[in-house]
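Peer 1: The structure follows.
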Amino acid sequence: MSSIKIKLKEKDINQIDEICKCFNNEPGELINVLHKVQNVFGYLPAEVQDVVANKLNMSVAKVYGVVTFYSFFTMIPKGRYPISICTGTACYVRGAEKVLDEFKKQLNIKVGESTPDGKFSLNCLRCVGACGLAPVVQVADKTYGRVSPDLVKDILKNYE
């Protein structure tokens, strides 16, 4: 995974500053700050982490450590239609890996990547709590149950 270089605009820096101020620039509020910032930007590139570290008066290494430790945070922009394949036990046993392989093949991306047009991103998650519908796939805010590899093409057509 290569890191993406972005140039923050002054309004972006001001937005991060405002979020940090909402939490009184408290280093102990780092996770809350990162959640809010990721909601605004969609992801947490190194340049954003630098600004957060500066505003909260902490090391960039500490911010980076938190971002990379918690799976909720991402340093890669999500696609317009993020795809998540459940790889929990029930889904895995019922063929989630084959479904995941088909998504990778159809989209020509790996887990954690986005398509070049920014339309789709691909990730795995542990359990969505719909084990009776295994294997389960989420695309944006829609959940698909009992997905087989031959249904992948049809699911993707819904987003053309």
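The values are calculated or read from the model by the stated rules, or taken from the named source; none is laboratory data. Just so it is clear, the model here is predicted, and its values are computed rather than measured. Cβ sites come from the backbone with ideal geometry, for glycine too, and all protein chains shown count toward neighbours.
Peer 1: Of all residues in region 31-80, how many are of a type in the set (Val, Ile, Thr) and farther than 15 Å from Gln15 by Cβ? If you could, list the steps in order and put the result at the bottom.
Peer 2: Going residue by residue through region 31-80, those that are of a type in the set (Val, Ile, Thr) are 31, 33, 37, 40, 48, 51-52, 60, 63, 66-68, 74, 76.
With the extra rule that they be farther than 15 Å from Gln15 by Cβ, the set shrinks to 31, 60, 63, 66-68, 74, 76.
Residues in region 31-80 being of a type in the set (Val, Ile, Thr) and farther than 15 Å from Gln15 by Cβ: 8 in total.
Peer 1: Something else: For region 115-152, what are the residues that are part of a strand (DSSP E or B) and more than 11 Å from Ala96 (Cβ to Cβ)?
Peer 2: Filtering region 115-152 down to residues part of a strand (DSSP E or B) leaves 120-125, 137-139, 142-144.
The answer is Phe120, Ser121, Leu122, Asn123, Gln138, Val139, Lys142, Thr143, Tyr144.
Peer 1: Also, quick follow-up: In region 93-125, what count of residues is obtained for those that are free of Cβ contacts under 8 Å to residues at least 24 places away in the same chain and not basic (Lys, Arg)? Step through it out loud before you land on a result.
Peer 2: Going through region 93-125, the residues free of Cβ contacts under 8 Å to residues at least 24 places away in the same chain turn out to be 97, 104-105, 108-111, 116-117.
Next cut, not basic (Lys, Arg) only: 97, 108-109, 111, 116-117.
Here the count works out to 6.
Peer 1: Now for a different question. Please state which one of Lys7, Lys36 is more than 20 Å from Tyr144 (Cα to Cα) and either surrounded by 15 or more Cβ atoms within 10 Å (Cβ to Cβ) or touching a helix residue (DSSP H, G or I) at 6+ places or on another chain (Cβ under 7 Å) (or both). Before the answer, list the steps.
Peer 2: Values: Lys7 fails: either surrounded by 15 or more Cβ atoms within 10 Å (Cβ to Cβ) or touching a helix residue (DSSP H, G or I) at 6+ places or on another chain (Cβ under 7 Å) (or both).
Only one candidate passes the filter, namely Lys36.
Peer 1: Looking at Cys86, Cys20 in this structure, which one is in contact with a Leu (Cβ under 7 Å, 6 or more places away or on another chain), assigned by TED's automatic domain parsing to the domain that holds Lys98 and not charged (D, E, K, R)?
Peer 2: Values: Cys20 fails: assigned by TED's automatic domain parsing to the domain that holds Lys98.
Being in contact with a Leu (Cβ under 7 Å, 6 or more places away or on another chain), assigned by TED's automatic domain parsing to the domain that holds Lys98 and not charged (D, E, K, R) holds for just one of Cys86, Cys20, which is Cys86.
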